[in-house]
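The values are calculated or read from the model by the stated rules, or taken from the named source; none is laboratory data. Just so we're clear, the structure is a prediction, and the values are computed from it rather than from any experiment. Backbone-built Cβ (ideal geometry, glycine too); neighbour counts: all protein chains shown. For accessibility, only protein heavy atoms count, side chains too; no ligands or nucleic acids. Shrake-Rupley method; radii C 1.70, N 1.55, O 1.52, S 1.80 Å.
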Amino acid sequence: MAVQDKPFTIAGHTFSSRLIVGTGKYASFDLMKRCHEASGTEMVTVAVRRLDLSAKGEASLLHWIDAQRIKLLPNTAGCHTAEDAIRTCRLAEELGMSKWVKLEVLGDDKTLYPDVEETVKAARVLVKEGFTVLPYTSDDVIVAKKLEDAGCAAVMPLAAPIGSGLGIRNPHNIRLILETVKVPVIVDAGVGTASDAAIAMELGCDGILMNTAIAGAQDPVRMAVAMKKAVEAGRDAYLAGRIPRRAYASASSPLDGVIGS
């Protein structure tokens, strides 16, 4: 049975695009801006700790983001403790960037896996302080539920390690999270190409966040276009309802009424 679509709404804000894009690793700010436009994104992440606060005019990353159309999502990339992440979110608010934050607390520099214990700890504090928290987390359904219970506006399980391009490694766990939480589920990290994005959306995810897959492509602008189309196609396929998988063939044309049958 086909699924009825619902708007992509986070904390009362509805987005037309289900694709969230990063701002790092681009060869230039101009290229970043063109990729944002090509992707159709309405929300981009900005690493607060890596932002050059002394830069002015065109030397500033923020100069190249259309704040009238695109919502800023400051992130806590590079933080390894709840305290560091909380401090970074407060800094983003002081800078006037946004009260919305992508919470990222890393537990390991090699895999860039999240420290889920510190993430939940930080989320509880930030929610109490009035932040709209979108946490990067593992594909653990129990952790996702704890983050929802902490008041997070969405949960963002990884598809694979950050920047790996490995695609959805554990679709079963993503499905469990989708069945368990009521807040939007946004796949974050590990998408490598358009088919990965489509698969994530076909599972029923509400959105996707990516950076390296676009910024690191040989033609980033064309990849941004491909990702936009893949997210839309994957969502449509999910809503349409795929045919069941079968072990054996099933004739495309019915045999009823065939002469000699």
Checklist entry - What residues have an amide H closer than 5 Å to that of residue 71, excluding those fewer than 5 places away on the same chain, when H is modeled at 1.01 Å from N in the peptide plane? => result 43, 44
Checklist outcome for this item: The helix 116-128 Cα axis meets the longest alpha-carbon principal axis of the chain at an angle in degrees, between 0 and 90 and rounded to 10, of 70
Item to check | Amide H contacts of residue 211 (H built 1.01 Å from N, under 5 Å, at least 5 apart or other chain) | outcome: 22
Checklist entry - Whole-Hz Karplus ³J(HN,Hα) for the stretch 200-207, in order, using 6.51 cos²θ - 1.76 cosθ + 1.60 and θ = phi - 60°, x for Gly and Pro? => result 4, 6, 5, 5, x, 4, 7, x
Checklist entry - Could you give the angle, 0 to 90 degrees to the nearest 10, between helix 220-240's Cα long axis and the longest principal axis of the Cα atoms of the chain? => result 50
Checklist entry - Mind checking which of 175, 245, 124 has the largest fluctuation in a GNM of the chain, springs on alpha carbons under 10 Å? => result 245
Checklist entry - Under 14 Å Cα-Cα from residue 25, which aspartates and glutamates qualify once same-chain neighbours fewer than 8 residues away are excluded? => result 219
Item to check | Cα-based Rg / Dmax (Å) for the stretch 1-77 | outcome: 14.5, 55
Item to check | Anchor residue 56: lysines whose Cα lies under 18 Å away (excluding residues fewer than 8 positions away in-chain) | outcome: 33
Checklist outcome for this item: Counting every C-alpha pair in the stretch 117-242, the percent lying more than 18 Å apart is 51
Next on the checklist: For the stretch 130-261, what is the number of Lys pairs with C-alpha distance below 27 angstrom, counting only pairs 8 or more positions apart or on separate chains?
Outcome noted: 4
Checklist outcome for this item: Here FRET efficiency (C-beta to C-beta, residue 240 to residue 125, R₀ 41 Å, nearest 0.05) is 0.45
Next on the checklist: From the protein chains alone at 1.4 Å, what is the descending order of accessible area for 202, 179, 148, 129, largest first?
Outcome noted: 179, 202, 129, 148
Item to check | Taking only Cα atoms of the stretch 178-228, radius of gyration then Dmax in Å | outcome: 11.7, 38
Checklist entry - Please state the relative contact order of the stretch 92-197 as a whole percent: Cα pairs under 8 Å, 6+ residues apart? => result 23
Next on the checklist: Using amide H atoms built in the peptide plane, which far-off residues or other-chain residues are under 5 Å from residue 137 H to H?
Outcome noted: 156, 158
Item to check | Overall Cα dimensions of the chain, principal axis frame, Å, largest first | outcome: 82, 39, 36
Checklist entry - On average, how much accessible surface per residue is there in the stretch 151-261, in Å², for a 1.4 Å probe, leaving out ligands, DNA and RNA? => result 53
Checklist entry - What figure in square angstrom, to the nearest 10, would you give for the accessible area of residue 28 with a 1.4 Å probe? => result 50
Next on the checklist: Given a 1.4 angstrom probe, I'd like the percentage of the accessible area of the chain that is carbon and sulfur, rounded to a whole number.
Outcome noted: 51
